[in-house]
Amino acid sequence: MKFDSFDIKILEILQGDAEQQVAQIAAQVGMSATPCWRRIQRLKEAGVITRQVALVDAQKVNVGVTVFVSVRTSTHTQEWFEQFRGTVQAIPEVVEFYRMSGDVDYLLRVVVPDIAAYDAVYKRLIAGTSLHDVSSSFAMEELKLTTALPLGYIK
């Protein structure tokens with residue numbers, strides 16, 4: 001898909017606040033509402049805009065503790081992976097889950113209210129699969145958190 005400056009500006013606006021009315025977005029990018037609406041629909045149909053969600057304050061819903069969990073395994077079979085993925089996906093406190101390169105095989109971001117709640121998550125994690133090493137790091141302070149992707153790399 002080809003992007004022009006209008007598309008990029010629309011994406012910037014929607015990443016900041018997707019609740020704005022089309023007329024508001026159109027005014028900010030310098031076009032009328034109907035062509036702006038068509039561009040938004042085209043971005044959705046092309047899969048550029050994948051969904052619109054509400055961002056919830058973690059502190060206000062009592063999951064203000066963030067834990068980064070590094071997992072190493074000595075087993076790399078598809079069967080093991082499917083079991084591990086199923087275990088992780090069944091734990092709602094795991095909000096991000098990545099397969100990594102380097103010394104760590106998997107990285108998880110977990111949100112919980114406290115250490116005791118994390119211990120319960122940890123027990124569910126290790127009960128579901130055989131792991132070689134699990135290392136947990138608690139975030140002391142959130143210095144930057146954004147869901148907005150950088151758009152300067154669009155070709």
Quick one: go through the range 28-64 and flag any residue whose amide nitrogen is under 12 Å from the point 7 Å out along the Cα-to-Cβ line of residue 145.
55-64
Mind checking which lysines have their C-alpha under 30 Å from residue 60, skipping anything on the same chain fewer than 8 residues away?
123, 144
Residues of the range 131-148 with amide nitrogen under 20 Å from the 7 Å Cα-to-Cβ point of residue 77?
131-133
Report the FRET efficiency, 1/(1 + (r/R0)^6), for residue 62 and residue 41, where r is their Cβ-Cβ distance and R0 is 41 Å, rounded to 0.05.
0.65
So how much slack lies between residue 34 and residue 53, counting 0.36 nm per residue of separation and subtracting their Cα-Cα distance, in nm?
4.5 nm
Checking the cross-link filter: which lysines have an alpha carbon closer than 17 Å to that of residue 155, excluding same-chain neighbours under 8 positions apart?
2, 9
Quick check for me: using +1 on Lys/Arg Cβ and -1 on Asp/Glu Cβ, what's the dipole size of the chain about its Cα centre, in debye to the nearest 20?
600 debye
Chymotrypsin sites (Phe, Trp or Tyr not before Pro) restricted to the range 53-155 and DSSP loop, no more than 16 other C-beta within 10 Å:
153
Computed from these coordinates, which is Rg and Dmax of the Cα atoms in Å: (1) 18.1, 67; (2) 20.1, 58; (3) 14.3, 43?
(2)
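Suppose a student asked you for the relative contact order of the chain, using Cα pairs under 8 Å spaced at least 6 residues apart; what percent would you report? The partial results should precede the final answer.
On the way: 156 pairs, mean separation 43.2, N = 155.
For the chain, the relative contact order is 28 percent.
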If you take the square roots of the eigenvalues of the alpha-carbon gyration tensor of the range 60-112 and sort them as a ≥ b ≥ c, do you get rounded (a/c under 1.5), prolate (a/b over b/c) or oblate?
oblate
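Roughly how big is the range 33-77's charge dipole about its Cα centre, with Cβ charges of +1 (Lys, Arg) and -1 (Asp, Glu), in debye to the nearest 20? Let's see the in-between values first.
Details: 7 positive and 2 negative charges, 45 e Å.
The calculated dipole for the range 33-77 is roughly 220 debye.
Since every read-out is calculated from the coordinates, none of them should be taken as a lab result. No experiment lies behind these values; they were computed from the predicted model shown. Note: ideal-geometry Cβ built from the backbone for every residue, glycine included; neighbour counts use all protein chains shown.
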